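Engineer: Dumping the structure here so I can ask a few things about it.
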């Protein structure tokens with residue numbers, strides 16, 4: 001779509017040939033992908049790789065833990081290949097050795113959250129080193145249309161919806177590749193480089209990558225911007241600026257999909273329009289007449305409607321009530337996906353064909369069990385208060401009262417909306433410890449009964465014994481680190497529920 005107006009692909013890769021290149025986080029998923037591609041596939045020599053692991057055995061253990069997107073035989077073959085590469089691997093006490101001489105630093109998106117990095121890497125950057133990430137390289141390599149998706153909530157679901165529509169709507173032989181935050185949707189840089197001009201690369205871009213880098217895409221999608229990740233950015237204003245980098249950095253002739261109902265997106269609509277990008281806005285019906293922006297909304301009959309940029313024609317795309325995913329937030333996610341697909345050239349009729357077959361992501365309002373009229377729902381991806389609020393309201397819209405499971409750390413979020421939804425729709429909150437739990441309790445101010453637990457198994461056992469028929473037991477933590485703190489290591493949530501339900505009375 002915009003490939004003709006872009007510089008030749010691979011400019012970043014070409015620039016690495018004559019540079020002193022360091023890869024930070026060599027055993028992580030991003031580091032491994034970079035090393036296998038640069039040293040293994042491209043034959044770039046002289047790479048220096050850094051990792052916290054103390055020795056080769058510890059490196060292998062870290063590799064296996066971090067690269068779970070691949071099946072075990074593939075993962076072991078990757079480790080074998082990595083060990084054979086002519087890489088200067090600096091481990092343990094020699095971590096970051098020589099980084100002061102780097103001209104290019106390829107670092108994971110989370111590099112700044114490790115104290116060992118926070119002095120040496122900024123010093124290297126101050127000396128003139130360039131900071132690049134996996135997303136920058138992948139998007140630079142790709143010949144076809146590049147779609148980047150970000151947002152405080154809904155980006156994974158929206159990316160999955162876009163992928164589904166594109167896979168359904170693109171013609172035979174046109175590839176859809178996906179990478180980014182979803183570890184289950186990893187794509188090798190070799191595949192990205194080999195893809196043809198007619199394909200689409202869909203990349204879920206995190207706030208952490210946007211904190212200090214600006215990947216270039218042809219279509220940028222911002223689902224919403226709400227208070228989040230203050231621990232990574234210092235202030236909400238810095239977080240907003242990071243999210244907007246994706247929109248401000250679109251390629252020449254690029255397009256931006258932006259919420260028309262999110263207050264922060266509305267506030268910055270004019271500044272994004274001033275970049276010259278074509279705008280698509282979703283969620284609000286248009287005023288009559290000619291429209292500069294593309295728009296997607298739901299009409300009074302429940303149809304998703306589309307009006308293309310600089311057009312007066314309104315096209316009905318499909319009925320959103322045919323989606324299997326509940327909740328107003330999923331309607332907004334679908335409207336964003338419709339805009340992105342239309343921007344990528346998919347005809348409305350083909351978009352409409354895909355709507356009824358969209359499925360929920362694992363861990364996002366995922367039903368895992370039902371017994372005696374009680375439904376258990378796993379919403380582990382709701383790691384923010386707004387996402388948990390949406391989950392509560394979505395389940396309530398099905399006519400069920402909610403037993404809510406929460407717990408984990410606060411990321412500087414506003415818990416007022418989650419508290420309001422809980423006060424309206426929850427019979428009881430089953431809480432595990434954490435600063436996020438504490439923040440929610442302050443906002444609730446005693447409006448909902450709360451029962452406290454110290455481990456997930458005892459909480460599940462209590463819920464199985466006490467929940468009333470017709471309710472939904474919803475694990476929607478609204479906080480960070482629930483999974484790593486209360487589920488790992490051990491059985492999945494679904495298996496723990498199954499064990500509790502099948503326990504002899």
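Bear in mind that the values in this text are calculations on the coordinates, not laboratory data. Not measured: the values here are computed from a predicted model. Here the Cβ is made from the backbone with ideal geometry for all residues, glycine too, and neighbour counts use every protein chain on show.
Engineer: Order by neighbour count: 52, 481, fewest other Cβ atoms within 10 Å first, most last.
Structural biologist: 481, 52
Engineer: Give me 366, 353, 45 ranked fewest to most by other Cβ atoms within 10 Å of their Cβ, as a rough exposure proxy.
Structural biologist: 45, 353, 366
Engineer: With the Cα gyration tensor of the chain giving a ≥ b ≥ c as the square roots of its eigenvalues, does the rule (a/c under 1.5 for rounded; else a/b larger than b/c for prolate; else oblate) give rounded, prolate or oblate?
Structural biologist: Here the chain falls in the oblate category.
Engineer: To continue, here is another question. Multiply the residue gap between residue 58 and residue 322 by 0.36 nm, knock off their C-alpha separation, and tell me the result in nm, one decimal place.
Structural biologist: Length gained between residue 58 and residue 322: 90.1 nm.
Engineer: Now for a separate question. Thinking of the stretch 159-219 as a set of Cα atoms, what percent of all their pairs are more than 20 Å apart?
Structural biologist: Roughly 28 percent, once rounded to a whole number.
Engineer: Mind checking the log10 I(q)/I(0) for the stretch 136-357 at q = 0.08, 0.09, 0.15 Å⁻¹? Debye, one equal scatterer per Cα, no solvent, two decimals.
Structural biologist: Debye intensities relative to I(0), on a log10 scale: -0.25, -0.32, -0.93.
Engineer: So, in nm, how far is label residue 190 from label residue 435 when the simple model puts each one 7 Å beyond its Cα toward the Cβ?
Structural biologist: In this crude spin-label approximation the distance works out to 4.3 nm.
Engineer: So, one more: Cα centroids of the stretch 347-416 and the stretch 143-189: how far apart, whole angstrom?
Structural biologist: So the two Cα centres are separated by 21 Å.
Engineer: Taking a ≥ b ≥ c as the square roots of the eigenvalues of the Cα gyration tensor of the stretch 17-132, is the shape rounded (a/c under 1.5), prolate (a/b larger than b/c) or oblate?
Structural biologist: Cα axes put the stretch 17-132 in the prolate bin.
Engineer: Then there's this: Viscosity 1.567 mPa s, temperature 4 °C: Stokes-Einstein D of the stretch 56-197 from its Kirkwood Cα radius, in µm² per second? Walk me through the intermediate numbers first.
Structural biologist: Working: Rh = 17.9 Å.
So the translational diffusion coefficient is about 72 µm²/s.
Engineer: Using alpha-carbon positions, what is the distance between the centroids of the stretch 255-302 and the stretch 480-496, in Å?
Structural biologist: Centre-to-centre distance over Cα atoms comes out at 39 Å.
Engineer: Note down the relative contact order for the chain as a percent, whole number, built from C-alpha pairs under 8 angstrom at least six residues apart. If you can, show how the numbers build up before the last one.
Structural biologist: Details: 1036 pairs, mean separation 55.6, N = 505.
That works out to 11 percent.
Engineer: According to the square roots a ≥ b ≥ c of the eigenvalues of the Cα gyration tensor, what is the shape class of the stretch 354-505, taking rounded for a/c under 1.5, prolate for a/b larger than b/c otherwise, and oblate for the remainder?
Structural biologist: Working: a/c = 1.29, a/b = 1.14, b/c = 1.13.
Rounded, since a/c falls under 1.5.
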